[in-house]
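Below is one structure; the comments refer to it alone.
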Amino acid sequence: MSAQRIGVIGSGLIGRSFSMLFASAGYTVVVYDVLPAQLEAAKKDIWLQLNALEGQGLLRGKLSKEQQFESISTTQSIEDCVKGSFFIQECVPEVLDLKRKVWSQVDKLISPDAIMSSSTSALLPSAISEGLVNKNRFIISHPTNPPFYAPATEVVPAPWTDPDVVERTVSLLKEVGQVPVLIKKEVPGFVLNRIQYAIMGECYRLIRDGVVSPSDCDLIMSQGLGVRYAFMGPWETGYLNAEGMYSYRDRYADMILGIQESFGPPERMDGPTLDLIQEDISRVAGPVENIAVRRQWRDKRLIALAKLKQDLDKA
Ligand code: NAI
């Protein structure tokens, strides 16, 4: 077994990103997919993305884009992908039965000290891995999309995951330039999506109750909270807004609790409130038929912010 080989299963959006990340640190990456056309498309897209990253000054690692590209090969055999790989990153669609099926195939092929890592956004590690012989080698590495511009990656062990799997996964992700965040216990939505959905829930209630329009609610995030959150979370914000946490408590804890107690129960988004959000946001983001234009607008800003953060961290 070569310690330098990583297998990626699934060559869609996330499989491509992980392949590039691993290649950037000098690993040999073997990507497997059930659809040959996807593998073809992935190779082309990876080359375009490596060129774009180089142009943006965001190419990771010390290798040239050509060297990184050459480290990534594709295969239509799961055995080729898995055998001899010390780390397997699974990036197949978010369907529990499919993930279980893929991992049961991998389970029969891996060496017992290899690591089995899933990109799942929301499935619990125990649910995916409970039937596996090597379930103690299973973990989740959930990236934020797009991983090159938003490097936080949630690392979620199952209750039975070996401690060395956690340590080695965290260290591999750091090595490729990601920011791994250990989620100590599995919980639905992990942490990123729980926070995201909590924000969404309160925004929805405020819009439903006529307190703020959808686009103004988005402005509060993009021109207010989000500006700070690009650099620090709510706890450091609180710390800096007072003289540390105890002073923050003395000044604000009662008020915060009172407001939190006024939050309503969750509600499924739908009906007239959703119609209002669709209508108002389409005025800002343009019609759905032209969504690609607004995505380019978004990506341009994400790239510029990633570059700024990189430059500030170097300074
Ligand atoms: P995708 O649909 O772009 O790619 C999935 C790929 O898996 C396709 O190329 C498909 O041909 C392949 N595939 C399907 N069945 C397979 C099998 N049995 N064996 C091998 N390959 C197979 O999906 P995407 O967006 O890359 O998502 C992959 C995983 O990453 C999902 O679990 C998703 O929840 C997670 N994720 C997605 C994010 C996103 O923003 N798209 C962000 C973070 C995680």
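The values are calculated or read from the model by the stated rules, or taken from the named source; none is laboratory data. Keep in mind the model is a prediction, meaning the values are calculated, not measured. Here the Cβ is made from the backbone with ideal geometry for all residues, glycine too, and neighbour counts use every protein chain on show.
Within the stretch 105-139, take every residue that is without any contact (Cβ under 8 Å) to a residue 40 or more places away in the chain and part of a strand (DSSP E or B) and give me the one that is nearest to the ligand (Cβ to nearest atom). Residue satisfying both the conditions and the ranking: S118. If the condition is being without any contact (Cβ under 8 Å) to a residue 24 or more places away in the chain and polar (S, T, N, Q), then the stretch 1-52 contributes only N51. Residue count for the stretch 19-32 satisfying the condition of being near the ligand (Cβ under 9 Å from one of its atoms) and either among the polar types (S, T, N, Q) or in a helix (DSSP H, G or I) (or both): 0.
Here is a check on your reading of the model: is V227 under 22 Å from V179 (Cα atoms) and at pLDDT 95 or above? Yes: the conditions hold for V227.
Applying the condition of being in a helix (DSSP H, G or I) and touching a residue at least 12 places away in the same chain (Cβ under 8 Å) to the stretch 233-271 and asking which residue is surrounded by the fewest Cβ atoms within 10 Å (Cβ to Cβ) yields Y252. For the criterion of being more than 12 Å from the ligand (Cβ to nearest atom), within 27 Å of L98 (Cα to Cα) and not basic (K, R), V165 passes. Here G201 does not qualify as over 30 Å from M116 (Cα atoms), surrounded by fewer than 18 Cβ atoms within 10 Å (Cβ to Cβ) and free of Cβ contacts under 8 Å to residues at least 60 places away in the same chain.
Residues are listed down the side, and each one gets a yes or a no for (1) within 16 Å of the ligand (Cβ to nearest atom); (2) under 18 Å from P143 (Cα atoms); (3) part of a helix (DSSP H, G or I); (4) over 22 Å from the mean Cα position of the chain (by Cα):
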site: S11; (1), (2), (3), (4): yes, yes, no, no
site: V34; (1), (2), (3), (4): yes, no, no, yes
site: I46; (1), (2), (3), (4): yes, yes, yes, no
site: K62; (1), (2), (3), (4): no, no, no, yes
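Within the stretch 93-111, is even one residue within 20 Å of the chain's Cα centre (by Cα) and basic (K, R)? Checked against the condition, which is being within 20 Å of the chain's Cα centre (by Cα) and basic (K, R), the stretch 93-111 yields at least one hit. In the set P180, P159, P163, P151, only one residue is over 28 Å from S282 (Cβ atoms) and touching a Leu at 6+ places or on another chain (Cβ under 6 Å); that residue is P180.
Out of the residues in the stretch 69-95 meeting the condition of being in a helix (DSSP H, G or I) and more than 10 Å from the ligand (Cβ to nearest atom), tell me which one is nearest to V165 (Cα to Cα). Of everything passing the filter in the stretch 69-95, V82 is nearest to V165 (Cα to Cα).
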